[in-house]
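Here's the structure we're looking at; comments come further down.
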Amino acid sequence: MNRKSAVDPETAIQRIRRHTHPLTPIPTGQKSRLRNLSDIRAVLFDVYGTLFISASGDIGSTGQGARAQAFGQTLRALDIPADAETAKRGASVLVETIGKAHEQLMAEGREHPEVEIRDIFREVLESLWKEGRIPSRPDDELREAVALEYECRINPTWPMPGLAKTLERLKERKVVLGIVSNAQFFTPLLFPAHLGDSLETLGFESDLCVWSYIHLEAKPSLNLFNHAAENLGRLNIDQRQVLYVGNDRVNDIWPAGGAGFKTALFAGDRRSFRPREGDPRSTGVTEDVLLTDLRQLPEILDSVQSSADS
């Protein structure tokens, strides 16, 4: 269940903006493979590494040294005293707590577990307080602020080139938009923080935005894609009329294809491009198109939508 945030959304958006700076994609060396895709009525996206440049390459993929530094900076930015040992301990407890949560969820039957990061930071900060490393017990608002501040430092983001124009063109052509992404509570805030508009204003259907932290399951779980397919069915959109765009052949293309969607592998940034060559799960997995720029997407759908609009 998606619970209400303890931090005012506008405050959170301003916090994200304070930590952002322009990022440029690193070329992947890939050549695009494009063709017109017929009868596409809906496009679903991954977020990190697809719609937004992810400085760390993906959510949650950063080394221990960088985590400790970011943890200490986060606490101090929120007026929580933290020396080097406290920062190191906090980063270590963070990794341990996530690992334990994953183990528990797997024991409950989730093959690809996902955490709710606010619950994780509650346990981490509780541990630091009980150990006497921080002076007071943080409340819900402060714990959430710590989680967001830490993420902004560990994984800065910036829109992929052409993102706003691509979404605008798809919306103009009445393409239904959605998301299936590994994410946390702050992920939807990237859109107003970077683009100035909410997901709904940009054209995304709330019922078609599937976030891993709500379901406690992460990609490549097929359940996330099947959930999106069920909601698409309520709009009378068949799976074969859906295109999914993502940067990871295993996490994105494999399960999206398994749900019956057409697929586009996005090779727009070397930091996050995951062709997964040699991974047995990618054996025999072939995307319908390979994009190197988001602005290519409307072009391969234009002929279909134009004929539908005429």
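The values are calculated or read from the model by the stated rules, or taken from the named source; none is laboratory data. The structure displayed is predicted, hence computed values, not measured ones. FYI the Cβ positions are ideal-geometry reconstructions off the backbone, even for glycines, and counts take in every protein chain you see. With ligands, DNA and RNA removed, areas are computed over all heavy atoms of the protein, side chains included. Shrake-Rupley method; radii C 1.70, N 1.55, O 1.52, S 1.80 Å.
Of note:
- When Rg and Dmax are taken over the Cα atoms of region 1-82, they come to 18.4, 58 Å.
- Net +/- balance of residues flanking R281 in space, Cβ distance below 15 Å, scoring K and R +1, D and E -1: -2
- Low-density loop cleavage sites - trypsin sites (Lys or Arg not before Pro) in region 1-75, where at most 13 other Cβ are within 10 Å (DSSP): R3, K4, K31, R35
- Accessible surface of the chain, 1.4 Å probe, proportion on carbon and sulfur as whole %: 47 percent
- Antiparallel DSSP beta bridges within the chain, percent to nearest 5: 20 percent
- Between N226 and S136, the modelled labels are 4.8 nm apart [label points 7 Å from Cα along Cα→Cβ].
- In terms of overall dimensions, region 102-159 has a Cα radius of gyration and Dmax of 14.1, 40 angstrom.
- Annotation: per residue accessible area for region 1-154 equals 52 Å², rounded to a whole number [probe 1.4 Å, protein chains only].
- Calculated accessible area for region 187-310 comes out at 40 Å² per residue, all protein chains present (probe 1.4 Å; ligands, DNA, RNA ignored).
- Sequentially through region 161-171, phi angles give Karplus couplings (6.51, -1.76, 1.60; θ = phi - 60°) of x, x, 4, 4, 5, 4, 5, 4, 5, 5, 5 Hz, Gly and Pro residues having no value and appearing as x.
- According to the calculation over all Cα-Cα pairs in region 115-224, the P(r) per 5 Å bin from zero is 2, 10, 16, 19, 17, 15, 8, 6, 4, 2, 1, 0 %.
- Calculated SAXS-style log₁₀ I(q)/I(0) at q = 0.10 Å⁻¹ - the chain, Debye, Cα scatterers: -0.56
- Label sites at D119 and K31, each approximated as a point 7 angstrom past Cα along Cα to Cβ, lie 4.8 nm apart.
- About its Cα centre, the dipole of the chain is roughly 660 debye, where the only charges are +1 on Lys and Arg Cβ and -1 on Asp and Glu Cβ.
- Only Cα pairs under 8 Å and 6+ residues apart enter the sum, and on that basis the relative contact order of the chain stands at 29 percent.
- Whether region 52-129 is rounded, prolate or oblate, judged on the alpha carbon gyration tensor where a/c under 1.5 counts as rounded: oblate
- Value of Rg/Rh across region 248-300 [Cα atoms, Kirkwood radius]: 0.96
- Both radii are taken from the alpha-carbon atoms of region 1-160; with Rh as the Kirkwood radius, Rg/Rh is 1.03.
- Per residue, the average separation of C-alpha pairs within less than 8 Å and at least 6 apart gives region 1-120 a relative contact order of 13 percent.
- Cα-based radius of gyration of region 189-302 once divided by 2.2 N^0.38 Å, which approximates compact folds: 1.09
- Put the Cα centre of region 243-305 next to the Cα centre of region 116-158 and the gap is 34 Å.
- Built amide H within the under 5 Å cut-off of V210, gap 5+: I179, V180, S181
- Taken about its Cα centre, region 1-155 carries a charge dipole of about 580 debye when Lys and Arg each add +1 at the Cβ and Asp and Glu each add -1 at the Cβ.
- Equivalent ellipsoid semi-axes, region 188-253, via Cα gyration tensor eigenvalues times 5, rooted, Å: 20, 16, 12
- Efficiency of FRET between R18 and L78 - r from beta-carbon atoms, R0 22 angstrom, step 0.05: 0.95
- Gaussian network model of the chain, springs between alpha carbon atoms under 10 Å - residue of A264, A91, A107 with greatest fluctuation: A107
- With loop membership from DSSP and a limit of 10 other Cβ atoms within 10 Å, the longest segment of the chain without GluC sites (Glu not before Pro) is 109-276.
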